[in-house]
1. Find which of A:Thr245, A:Val302, A:Pro343 sits farthest along the positive direction of the dipole of segment A:171-389, computed with +1 on the beta-carbon of Lys and Arg, -1 on that of Asp and Glu, about the Cα centre.
2. Relative contact order of segment A:171-389, please, whole-number percent, based on alpha carbon pairs below 8 angstrom and at least 6 residues apart.
3. Over the whole of A:92-101, what's the average partner chain Cβ count within 10 Å per residue? Rounded to a whole number, please.
4. By count of other Cβ within 10 Å, fewest leading, how are A:Val18, B:Val343 ordered?
5. Hey, what angle do you get for helix A:144-158 against the long axis of chain A, alpha-carbon based, 0 to 90 degrees rounded to 10?
6. Taking Cα pairs under 8 Å and at least six residues apart, what relative contact order does segment A:41-168 come out at, in percent?
7. Determine the shielding of peptide B:396-409 by partner chains: average, over its residues, the number of Cβ atoms on other chains within 10 angstrom of each Cβ.
8. For B:Asn118, list long-range residues whose amide hydrogen, built 1.01 Å from N in the peptide plane, is under 5 Å from its own amide hydrogen.
Amino acid sequence: MMASCGEQLFSEIDQLRVQLLSSVGVTTESQPEGAEGEICQGGILSRIESVILGIVTSLSKDKAPVLVLPNRSSWANVSFDCAIGLQMSSEHSVTSIKSDCPSSAAKFAQILKILSVIYKLVQSNSYATKRDIYYNDTQLFVSQRSVDSIMDDISCMLKVPRRSLHVLSTSKGLISGDLCYLEEDGTRIDCHSSSAVVPVSSNISGIRNIVSSAKFVMIVEKDATFQRLLDDDFCTKLSPCILITGKGVPDLNSRLMVRKLWDTLHVPIFALVDADPHGIEIMCIYKYGSVAMSFEAHSLTVPSVMWLGLLPSDLQRLRVPEESLIPLTKRDESKLNSLLKRPYLSSQPEWQKEMELMQQTKVKAEIQSLAAIDPDFLTNIYLPNKLRYGGWV
Amino acid sequence: MQMSSQRKQRGLKTTGGLLVFLWTDRGSFAQRLNCTVAAAGPWCAGVEMQALHPDLKNSLFPCVWSCPELDPEELSAFTDLYGPLRFLLTFQAKDAGHCMSKWQAHIEAFLRAFSLTNAGIKVHLKFTFGQQTVQHELRVKIKSKVSPTDQLPLILDVACSAQPPWCVRRRGWCQGGHPVVGERLPLSIPPQVMDQGLFGELSVQFVALLRPCVLQYPNLLTELTRIQVLTYSPSNIPVPGPFNFFKGLPAALNCQQLGLDRIHCASFKDLTHSSSVVYSVEPENWEDPDPEPSHVPVQQSLLLFLFLHHSDPFTSEVNDTIAAEMLIEHHLEEILSNNRQAVSAALEAELYNTLKAQNHRKKKQEKLQSAAEVILSSTISIVSSSSNMDFRNACLNRMKVNDTHELSASLRESLWRVTSGKFLHSGKCFSSEVEEQPKSNESTRVEI
């Protein structure tokens, strides 16, 4: 009986899984773990040396050195592929960092400094975090944000993933559920316990021996919702499953982890986000990627992500109390308009419909608004029914 | 002054020629100095020479005697250039025979100051003492038109002969300056000067000229080392700077706010006859008293023009205008002293504006220098620690050095040079090509 209930609960999910696997042409065999053809140590050093030689060559010709970086915020450099997401396809738009201009010389110096740090790390096969780099010379870097941004610029310029540059970052994401794996240093991680949540690893590429019987993975936008689900024992009630949160806009490691789970387990990945433009955008980052990291789209995006909730149509269908609904601000409307113009929306008519509904009703709602119906509505009614009856788009 | 006044009144063109010819002859008791002043060209068009002569003689007496007219042959070359004479006056200076060289120097200095602000007029100066003849033409290489508000435009000589610094290669070096019209300050006329007959509105227009111009070299470090103040009458004639006023000026300036250690008057002697006052400037916190030759800032000098302007609705005759100007010139010390605070503040403001650009450059230079240190250390760090011999040799060969130690020095020098010599073309500069430095042809070097 119990097994039958479980089968019923996951029948739609299992069907979805079959569809997904057939549409992306992936077999049920797991993908080999480890490096996915990442560039070797010598190649990385060679690319850095090429940059330095360019600088020396410029000076030998009495020309001020210039570093040319692809503009990571320009849509002109990005194209959409429904199998990959937003990917950098050209370098039409570039930024020139000049060494002889007072306004850009500091950035030029910061880039060179970080290149020299990376060079030493790769040479010695050691690792450092972005925080370590910042504290190495706080006067030069001024803020952690500048180090973070320059790291991504260097990764894009050298066409090497940041993790291959031996620079790690502390993850902010959390994970829980039916999942065990080994870290690169051999540490065994068990995410089953609901009382102790596991931080997302800072070295995703080093993870091996992933073991999980999860039927699905659910990405949760907010930490508050994630904690609420854990408190309600969601992972036991809807076992076997995996919950992961990036605590808002996801960092690189959270995105890499989601991608890793897809590559390894090939189970449906659902997103549970607030019914507002910000939540939808976060979900799009997991699914299609971001413009800023489009140069690494191949390893970051999961185009198969499905929108489980909270859907704008749910608000009407469930008759969420009006006092729980919030009017859209000007900023919300502007973001919604921008999302509707994104190149990937045309391949998601159902998403488009939901967003147009939000545009018409001019209201948004947080997942917590479901508590107005019943305190346990989210965990006991909403999510189980959504998963049982295929309420995703 | 008369021609300038007439010209001003009629708004006539400011081109033509001015000849000043000094020669000596031996009189019965001593050598006498004769002087001929001649003018031709559009700038003195409309001058009625015959009508002017009586007034001139009255104003010059008792300093001069009449003397025989100059041989027309002496003036033929001048008239060939500028057309028929519009003005000609010859006189003999009393008691000048015993200090010819001093007179020569004074007149030359006066005419140079005149030429600075009347650059459209070509000034010819000729001296014949005994058998020796010396001729100068005060050539104006570059002119610039300045149009202060409610005043006739001025044609200034903005040429600068300063040599470009070593880091300027193959690029245009501006050979002139760019005058900046400053404040126009009303001046109150002291009562005792009014008693002498000076009425109406008096003001002073400041114009600043900083040379050499480094606008096209945004990263070059500069240092103001000299300030020269020139005062001009309402007819744009240089007037001697009031000695006491200008001597006390540095004490009235807030050097700390200006970022200067001190300003002191460099030209004390002969101020009474000099049209300009020169101050030397010392920067604050001179940290590197002995910098590398390549890092010496470009020394700039500031010309501060004080153009006096006077208007009196009850004065319309040329003679009255000349009388007013002579009063202004004679009582300039009192006038400026009467307005000491305002004039000092205005001069300080002009200096502040000039030094603002210099200080801005210094801050930019500090940023560039700080960045350069990191760029160089990071580059050398990578080259030094690389095990890729091809890469290391390529770096050494590019810079034509033997080892990483030499590479560091060579890169440092090159980065400094390209940064300091950064060139941004400005359409308003008077650029010329600078000869390219010869390059050496050395063989490839490999690090052992």
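No lab work stands behind these numbers, since they all come straight from the coordinates. Worth saying up front: this structure is predicted, and the values here are computed from it rather than measured. Glycine gets a Cβ as well: all are built from the backbone with ideal geometry, and neighbour counts include every protein chain shown.
1. Farthest towards the positive pole: A:Pro343.
2. Worked out over segment A:171-389, it gives 18 percent.
3. Values: counts 0, 0, 0, 0, 0, 0, 2, 8, 12, 8.
Partner Cβ neighbours, averaged per residue: 3.
4. By the 10 Å Cβ count, ascending, the order reads A:Val18, B:Val343.
5. Roughly 80 degrees between the two axes.
6. Working: 139 pairs, mean separation 31.4, N = 128.
It rounds to 25 percent for segment A:41-168.
7. 1
8. Hits under the 5 Å cutoff: B:Asp157.
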